[in-house]
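I have placed the structure first, in the form of structure tokens, so that the comments after it can refer back to it.
Coordinate-derived values only; no laboratory data. This structure is a prediction, so every number in the text was calculated from the model and none was measured. Glycine gets a Cβ as well: all are built from the backbone with ideal geometry, and neighbour counts include every protein chain shown.
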Amino acid sequence: MGIYVNRTLNMKQINAIGFDMDYTLVRYDSEAFEVMTYKEIKKKLCEVKNYPKVVADLKFQLNLAIRGLVIDKPHGNVLKLSTYSKVKHAFHGLSDMDFKAQQKIYQGLTIDLNDSDRYAIVDTTFSIAYCVLYMQIVDLKDKHPELNFPDYKTIEENLLEALDISHRDGTLKGEVKKNVKKYIVQDAESVQALEKFKKHGKKLWVITNSDFEYSKLLLDYAINPFLKEHKSWAELFNIVITAANKPKFFTDKLPLLKVDPKTGLMRNHHGQIEDGIYQGGCAATVQKSSVTGEPRW
């Protein structure tokens, strides 16, 4: 389990450590999950957006994309940027753009990642399949104009919508539930690190967008088998907040529910946040619980 910081960090001064769950506490088998995601996006493009059937025959290529790339939607390009947001390398579809073509569009241009109307960031591991498919469909559009694909920007929007639908309708998580061993990687060293934090008096918490049922399934599988000083992950973490709805968790005031870990039943919660498992809520509520005196968690 690695912890990366850009300055010296004295852990003695840290009282509480928070984690996300998916791809943080719980590791996914990236290739297996992305293959499954890729298939679902293709399926929804064809069924919901009426894309040509040739899309269904495309094959996933894991090495086409990595986190950190940027999609230039109107131009159909995928960009690799420098530290200073200058374009170092560009692909159009599956083709490496030559220097002259790249310079014609991007010479002297600093990419403004806040311009979400033009640029999309491949910033999570969950975005790899979407980026790969974007490159492949742009390539198809250029080589087969008779297929009448929409413009490059609309293709990106359709892909993102198909990915979002796959998350919202439970398709992706449903597949993980059916075969946890296929999609989730167990990591004993991560669990040892968590117990070490706990041994040294750190308060541990989890804030995840996944619902309680799904979170419990993954944490049971990824953490419980390797615990030596605790009976379950529920003892290891002081606070677990499921279905957090990030990023709204940090900006909106949403109701907080207390979860009974034995039954999964929930009830409204008001006042101070004690150790336990919750659903929803917001960052302001969590912060308010430690405004005065010693934090409860």
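Could you work out the relative contact order of the chain? I mean the mean sequence separation of Cα pairs under 8 Å and 6+ apart, divided by the number of residues, in percent. Walk me through the numbers before you get to the answer.
Working: 430 pairs, mean separation 55.5, N = 297.
Relative contact order, the chain: 19 percent.
Going down the table (Lys39/Lys216; Lys49/Lys248; Lys80/Lys248; Lys53/Lys143; Lys202/Lys231; Lys203/Lys228), which pairs top 22 Å between alpha carbons?
Numbers: Lys39/Lys216 26 Å; Lys49/Lys248 28 Å; Lys80/Lys248 29 Å; Lys53/Lys143 15 Å; Lys202/Lys231 18 Å; Lys203/Lys228 18 Å.
Distance filter (> 22 Å) returns Lys39/Lys216; Lys49/Lys248; Lys80/Lys248.
How far apart, in nm, are the 7 Å Cα→Cβ label points at Lys199 and Lys182?
Calculated label separation equals 3.8 nm.
Relative contact order of region 162-257: what whole-number percent is it, with Cα pairs under 8 angstrom and at least 6 residues apart? Don't jump to the answer; show the numbers that get you there.
Numbers: 78 pairs, mean separation 29.8, N = 96.
It rounds to 31 percent for region 162-257.
For the chain, what number results from the quotient of the Cα radius of gyration and 2.2 N^0.38 Å? Can you show the working numbers first?
Numbers: Rg = 22.0 Å, N = 297, 2.2 N^0.38 = 19.1 Å.
The value comes to 1.15.
Which distance in nm do the two modelled labels at Gln61 and Phe19 give, with both placed 7 Å along the Cα-to-Cβ direction?
Going by the 7 Å Cα→Cβ label model, 3.6 nm.
Just want the ordering: His75, His167, from fewest to most Cβ atoms lying within 10 Å of their own Cβ.
On the way: His75 17, His167 14.
Exposure proxy ranking, most exposed first: His167, His75.
Using Cα-Cα distances under 8 Å and only pairs 6 or more residues apart, what relative contact order does region 30-178 have, in percent? Intermediate values should be presented prior to the final figure.
Details: 193 pairs, mean separation 45.8, N = 149.
Relative contact order here is 31 percent.
Based on DSSP H runs of at least 4 residues, each adding -39500 (n - 2.57), what is the mean residue ellipticity at 222 nm of the chain after dividing by all its residues, to the nearest 500 deg cm²/dmol? Can you show the working numbers first?
On the way: 10 runs with 105 residues, N = 297.
Mean residue ellipticity, 222 nm, calculated: -10500 deg cm²/dmol.
Out of region 185-255, which trypsin sites (Lys or Arg not before Pro) are coil in DSSP terms and have no more than 14 other C-beta atoms within 10 Å?
Counting only loop positions with at most 14 other Cβ atoms within 10 Å, the trypsin sites (Lys or Arg not before Pro) in region 185-255 are Lys228, Lys231, Lys253.
List the trypsin sites (Lys or Arg not before Pro) within region 32-78 that fall in a DSSP loop (any state other than H, G, I, E or B) and whose Cβ has at most 14 other Cβ atoms within 10 Å. Let's see the in-between values first.
On the way: sites: Lys39, Lys42, Lys43, Lys44, Lys49, Lys53, Lys59, Arg67; in loops: Lys49, Lys59, Arg67.
Those satisfying the criteria are Lys59, Arg67.
Net charge within 11 Å of Val87 by Cβ-Cβ distance, Lys/Arg positive one each and Asp/Glu negative one each, not counting Val87 itself?
On the way: positive: Lys80, Lys86, Lys88; negative: Asp72.
In short, +2.
Relative to the present Cα-Cα distance, how much length would full extension add between Asp115 and Asp252 at 0.36 nm per residue of separation? Write down the numbers at each step before the final one.
Values: separation 137, 0.36 × 137 = 49.32 nm, distance 2.29 nm.
Once the chain is fully extended between Asp115 and Asp252, it gains 47.0 nm.
A 32 angstrom limit on the alpha carbon distance is what I want to check against. Which of Lys42/Lys177; Lys43/Lys181; Lys100/Lys246 exceed it?
Values: Lys42/Lys177 21 Å; Lys43/Lys181 24 Å; Lys100/Lys246 41 Å.
Cα-Cα > 32 Å for Lys100/Lys246; rest within.
Multiply the residue gap between Gln192 and Lys262 by 0.36 nm, knock off their C-alpha separation, and tell me the result in nm, one decimal place.
On the way: separation 70, 0.36 × 70 = 25.20 nm, distance 2.52 nm.
Net length gain for the segment: 22.7 nm.
Sorted from fewest to most neighbouring beta carbons within 10 Å, what does the list Trp233, Trp205 look like? Can you show the working numbers first?
Details: Trp233 23, Trp205 17.
Going from sparsest to densest Cβ surroundings: Trp205, Trp233.
Note the full-extension length gain between Asn6 and Asp151 as 0.36 nm times their separation in residues minus their Cα-Cα distance, in nm to one decimal. List each step's numbers first, then the result.
Details: separation 145, 0.36 × 145 = 52.20 nm, distance 4.03 nm.
Gain on extension, Asn6 to Asp151, equals 48.2 nm.
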